[in-house]
1. Kindly report, to the nearest 10 Å², the accessible surface of Tyr64 as traced by a 1.4 Å probe over protein heavy atoms only.
2. Past the 18 Å Cα-Cα mark, which pairs from Lys82/Lys147; Lys51/Lys147; Lys42/Lys147; Lys121/Lys147?
3. Specify, per residue and in Å³, the volume enclosed by the convex hull of the alpha carbon atoms belonging to segment 131-175.
4. Which number comes out as Rg/Rh for segment 76-166 once both Rg and the Kirkwood Rh are worked out on C-alpha atoms?
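The values are calculated or read from the model by the stated rules, or taken from the named source; none is laboratory data. Treat the numbers as computed from the prediction; the structure is a model and nothing was measured. Heads up: the accessible areas ignore ligands, DNA and RNA and are worked out on the full protein's heavy atoms, side chains in. Shrake-Rupley method; radii C 1.70, N 1.55, O 1.52, S 1.80 Å.
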Amino acid sequence: MKINLLNVEDGSCELAKSGATPDKPEYYFNSEDSDTSWCIIKCYTTINEGKCTVSELGKEETFYDDNTGQLIVCDENGCKPKSTGASTDNGVFIDSSNPNQIIYCDGNKCYSKPSTADDDKPQYFINGDPDSDLIECRKNGEKITCKAINGNDGDVFLNGSYPEPDQNNQIIKCNSETCIATTISGVSVDSDENPQYS
């Protein structure tokens with residue numbers, strides 16, 4: 001089912017096709033709206049229809065723009081596109097369009113993918129949102145849910161971003177102030193030996 005949007009670029013207009021599916025809606029920043037409280041265009045399909053609607057958001061949420069690959073960050077004051085520069089290099093965010101997915105940003109663009117948390121293996125990520133330290137994804141039955149949490153001094157977690165996209169830092173280590181992704185040197189992650197943290 002085809003859903004068309006009007007895309008304006010370099011002074012010209014053209015129809016852009018949404019790739020929304022029944023399992024994955026798509027989100028776009030509403031360029032025409034000066035009132036940023038109505039700033040998200042949501043495109044979705046069902047068995048019977050496919051359409052795009054403008055959504056009002058009143059809480060802090062994070063999406064990625066399927067057109068530009070940038071983050072859209074919304075709060076009670078409205079929504080704004082967020083640059084994917086240094087502040088979001090290798091950043092991970094909870095995907096507000098689907099709480100079992102996370103958004104990865106690599107400094108150039110962002111993409112969303114499902115968490116691979118299992119029944120006895122939750123996933124942990126350094127949170128790209130400075131309001132909390134970590135993102136925790138847990139599986140309960142068939143459902144995976146991701147939420148923001150803070151770490152405690154001395155906590156150590158396997159880094160959910162390793163080995164892709166973070167090819168260096170196998171673990172997350174927390175102290176009394178923050179949590180950081182770091183490298184284990186000299187042993188494998190599955191070894192029983194005492195690791196050396198870099």
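1. Approximately 30 Å² of Tyr64 is accessible to the 1.4 Å probe.
2. Numbers: Lys82/Lys147 21 Å; Lys51/Lys147 29 Å; Lys42/Lys147 22 Å; Lys121/Lys147 15 Å.
Pairs exceeding the cut-off: Lys82/Lys147; Lys51/Lys147; Lys42/Lys147.
3. Details: hull volume 4.3 nm³, N = 45.
It is 95 Å³ per residue.
4. Values: Rg = 13.2 Å, Rh = 13.7 Å.
My calculation of the ratio gives 0.97.
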